[in-house]
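Notes for the one structure printed next.
The values are calculated or read from the model by the stated rules, or taken from the named source; none is laboratory data. Just so we're clear, the structure is a prediction, and the values are computed from it rather than from any experiment. Every residue, glycine among them, receives a Cβ derived from its backbone with ideal geometry; neighbour counts consider all protein chains shown. For the accessible areas, the whole protein counts, side chains as well, though only heavy atoms, and no ligand, DNA or RNA atoms are used. Shrake-Rupley method; radii C 1.70, N 1.55, O 1.52, S 1.80 Å.
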Amino acid sequence: MELKDQGAIVTGGGGGIGRATVLRLAREGAVIAIADLSAENARTVAEEVRAGGGKAIALPVDVTRSSDVARMVEETTKSLGRIDILVNVAGGSLQKAVAEMSEEEWDFIVDVNLKGTFLCSKAVLPTMMGRRSGAIVNISSIYGFTGNATRAHYSAAKAGVVGFTKALAQEMAPYHVRVNAVAPGRIATPRVRGLYTDEEWKKRIDPIPMKRAGEPDEIAEAVFFLASPASIYITGQTLHVNGGSLLY
Amino acid sequence: MVEVERKVALVIGGGGGIGRTLSQGLAQRGIAVAAADLSVESAEETAAGIVRQGGEAFGLGVNITKKAEVQKVVEDVLSRWGRIDILINAAGILSRGSVADLPESEWDRVLSVNLKGVFLCTQAAARHMVGRRQGCILTLTSGRGEAGFPNGSHYSASKAGVSALTRTLAVELAPYNIRINAIGPGATDTAMYRGNSPAEVVEARLRRHPLEGGAGKPQDIVGTALFFVTEASSYVTGQIFYMKDPHAS
């Protein structure tokens with residue numbers, strides 16, 4: 001149990017990669033605030049943690065609203081006592097060509113993926129800086145590196161997450177707060193898998209050197225590594241978990 | 001031939017520095033370690049230390065620039081334990097010299113150990129791993145291969161070569177369920193580091209916290225190496241992962 005009694009917030013913890021991350025951190029003894037836009041999904045995952053003997057609270061949070069984020073940090077501190085780890089998983093994408101994209105659609109995707117990461121990170125800095133310790137792990141995406149037609153807003157936001165991660169890492173180094181990112185490739189979350197027919201899915205798996213999609217658990221392992229003492233002096237880095245994509 | 005039950009790692013450069021510390025870290029995880037080094041005495045010392053702690057290990061001598069010697073090391077491990085699950089390429093050398101004065105022999109020496117040696121070891125281990133459809137390879141590289149540094153043209157070129165080799169082999173070996181990654185630890189307190197920088201520079205780096213530009217200790221690398229050579233990184237391959245920003249001063 002490498003994270004015994006450490007307090008962690010996982011945004012987007014109600015499903016997919018967020019849920020896998022919650023369960024992985026809980027397995028190491030972390031006590032967890034599961035923040036999700038869907039109160040119901042957050043509650044379901046919190047119950048899973050409790051069923052496994054862990055401690056978790058569920059918080060309905062819109063990460064793009066600073067008042068929600070402030071309440072998230074308050075309630076976490078009250079219930080769990082401390083915040084050692086923040087994992088910014090909340091995010092999402094919609095397919096739309098730039099030529100057809102409204103300003104509102106741009107704002108929505110950039111806000112949930114990038115501004116949310118900024119707001120949540122900022123909100124936990126005072127406690128982490130004060131204790132001169134802490135780890136923040138942000139979820140970027142392979143699309144932040146490759147771009148993706150019909151996902152310009154998402155690609156830009158996820159590239160932004162990498163820049164934000166590096167800059168914040170430099171600001172936080174004197175306080176020994178570490179900030180890193182994980183960039184998933186194609187991950188078979190129920191939501192993503194549901195977007196494609198079997199044939200479409202196969203077409204997307206073929207170019208991956210490992211010839212398979214990743215599992216949410218495999219992202220959770222990378223997050224756990226970057227949140228744990230195993231990566232004690234690593235900061236500002238992005239770990240690609242993509243089965244060897246991006247190589248040629 | 002009876003396969004040992006525990007996983008087997010071959011650590012090239014296991015006789016000292018980061019390679020020795022990684023050997024110990026693997027052994028503490030229950031992995032059997034074959035430590036190979038140019039100095040067989042140092043490799044045997046690493047192994048003896050592991051055995052004293054209750055682990056399983058033995059030491060071998062190897063000059064990794066000689067294909068026949070590399071081949072023999074792999075065969076020796078296989079005849080002893082029947083399998084190699086993990087290869088760690090931790091052997092490397094560093095020297096400095098301005099490009100105008102760098103002797104061709106020095107270029108050849110650094111390239112042959114840091115790049116060709118990694119190729120030969122990886123090739124020999126991969127042949128075995130391909131047959132088993134299973135394996136994990138981790139090479140120590142350096143941010144200098146990405147960022148470069150004055151008077152280190154040969155070293156930087158060798159480490160950039162390691163990155164290219166890693167990316168290429170990740171694609172080539174993926175169909176055989178072999179993952180290959182590289183980590184760049186950044187300045188680390190080893191004899192190699194101390195021997196190649198002015199004492200006052202080394203002392204200053206060692207006084208600073210690693211998150212604030214200070215040099216790390218070999219022990220700090222163990223957790224990262226274990227991530228890359230175990231199931232924790234099961235969907236990670238072809239990564240050149242820098243533990244410190246190569247472009248930071």
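List of remarks:
- The peptide list B:53-66, B:115-128, put in order of mean Cβ contacts within 10 Å with the highest first, becomes B:115-128, B:53-66.
- Charged-residue dipole, Cβ positions (Lys, Arg, Asp, Glu), the range A:20-150 about Cα centre, Debye nearest 20: 780 debye
- Global geometry of the range B:78-127, whether rounded, prolate or oblate, following the gyration tensor of its Cα atoms and the 1.5 cut on a/c: prolate
- Shielding by partners - mean other protein chain Cβ count within 10 Å, residues of B:206-215: 3
- Between helix A:116-131 and chain A: long-axis angle, C-alpha atoms, 0 to 90°, nearest 10: 30 degrees
- Put simply, the Cα atoms of the protein assembly as shown extend 63, 55, 50 Å along their principal axes, the longest span coming first.
- Other residues whose C-beta falls under 12 angstrom from the C-beta of A:Tyr196 contribute a net charge of +3, scoring Lys and Arg +1 and Asp and Glu -1.
- Hull shadow area, averaged, the range A:90-199 [alpha-carbon convex hull, nm²]: 7.7 nm²
- With distances taken between every two different alpha-carbon atoms, chain A has a Kirkwood hydrodynamic radius of 18.0 Å.
- For the range B:153-241, fraction of C-alpha pairs farther apart than 15 Å, in %: 67 percent
- For B:Asn151 and B:Arg80, a Förster radius of 35 Å and the Cβ-Cβ distance give a FRET efficiency of 0.25, rounded to the nearest 0.05.
- Packing here is the average count of other Cβ atoms within 10 Å per residue, and on that basis the peptides A:196-208, A:14-26, highest first, run A:14-26, A:196-208.
- Taking the convex hull of Cα positions in the range B:54-100, its mean projected area over all directions (nm²): 5.3 nm²
- Whole-percent carbon and sulfur share, accessible surface of the range A:1-124, 1.4 Å: 50 percent
- With a Förster radius of 25 Å applied to the beta-carbon distance between A:Ala167 and B:Lys217, the computed FRET efficiency rounds to 0.40.
- Remark: spin-label model distance A:Asp107-A:Arg204 equals 2.9 nm, labels positioned 7 Å along the Cα→Cβ axis.
- Fraction of alpha-carbon pairs over 17 Å apart in the range A:1-79 - percent: 36 percent
- In the context of the full set of protein chains, residues of the protein assembly as shown present 42 Å² of accessible surface per residue (probe radius 1.4 Å, heavy atoms only).
- If you model the range A:1-136 as an ellipsoid using its alpha carbon gyration tensor, with each semi-axis the square root of five times an eigenvalue, the axes come out at 27, 17, 12 Å, biggest first.
- Spin-label zone in the range B:9-42 - amide nitrogen under 20 Å from a point set 7 Å from the Cα of B:Arg194 along the C-beta vector: B:13-24, B:38-39, B:41-42
- What the Cβ-Cβ distance of B:Arg127 and B:Thr168 gives, at R0 = 22 Å and to the nearest 0.05, is a FRET efficiency of 0.85.
- Straight-distance candidates among the lysines for linking to A:Lys158, with alpha-carbon spacing under 20 Å and chain neighbours fewer than 8 residues away dropped: A:Lys96, A:Lys115, A:Lys122, A:Lys166.
- Angstrom value of the Kirkwood radius, inverse mean 1/r, which spans all Cα pairs in the range A:142-248: 15.1 Å
- For the range B:193-243, the ratio of Cα radius of gyration to the globular rule of thumb 2.2 N^0.38 Å stands at 1.48.
- In this assembly, the B-A interface accounts for approximately 2500 Å² of buried accessible surface in total, computed with a 1.4 Å probe and without ligands, DNA or RNA.
- Net charge over other residues, Cβ less than 10 angstrom from the Cβ of A:Met1 (K, R count +1; D, E count -1): -1
- For the range B:109-152 versus the range A:55-98, the gap between their alpha-carbon centres in whole angstrom: 42 Å
- Straight-line cross-link reach from B:Lys217 at under 18 Å between alpha-carbon atoms covers these lysines, not counting any fewer than eight positions away in the same chain: B:Lys244.
- Normalised by the number of residues in chain A, the mean separation of alpha-carbon contacts (under 8 Å, six or more apart) gives a relative contact order of 19 percent.
- Summarising the amide proton neighbourhood of A:Asn138: residues at separation of 5 or more, or on other chains, whose placed amide H is nearer than 5 Å comprise A:Asn88, A:Asn180, A:Ala181, A:Val182.
- Global dimensions of the range B:15-69 from alpha-carbon coordinates: Rg and Dmax equal 10.7, 33 Å.
- Near B:Gly184, the amide H atoms lying under 5 Å from its own belong to B:Thr141, B:Phe241, B:Tyr242, B:Met243; only residues 5 or more places off or on other chains count, and H is placed 1.01 Å from N.
- Under-5 Å amide H pairs with A:Ile57, H placed in peptide plane, nonlocal only: A:Ile32, A:Ala33, A:Ile34
- Chain A: angle of helix A:216-227 to the longest principal axis, Cα-based, in degrees nearest 10: 50 degrees
- Mean per-residue shielding of peptide A:216-226 is 3, counting Cβ atoms of other chains within 10 Å of each Cβ.
- Over chain A, dividing the summed -39,500 (n - 2.57) contributions of all DSSP H runs of at least 4 residues by the number of residues returns a 222 nm mean residue ellipticity of -14000 deg cm²/dmol.
- Tail beyond 23 Å, pair distance distribution of the range B:1-157 (Cα, percent): 37 percent
- Shielding score for A:235-248, defined as the mean number of other chain Cβ atoms within 10 Å: 6
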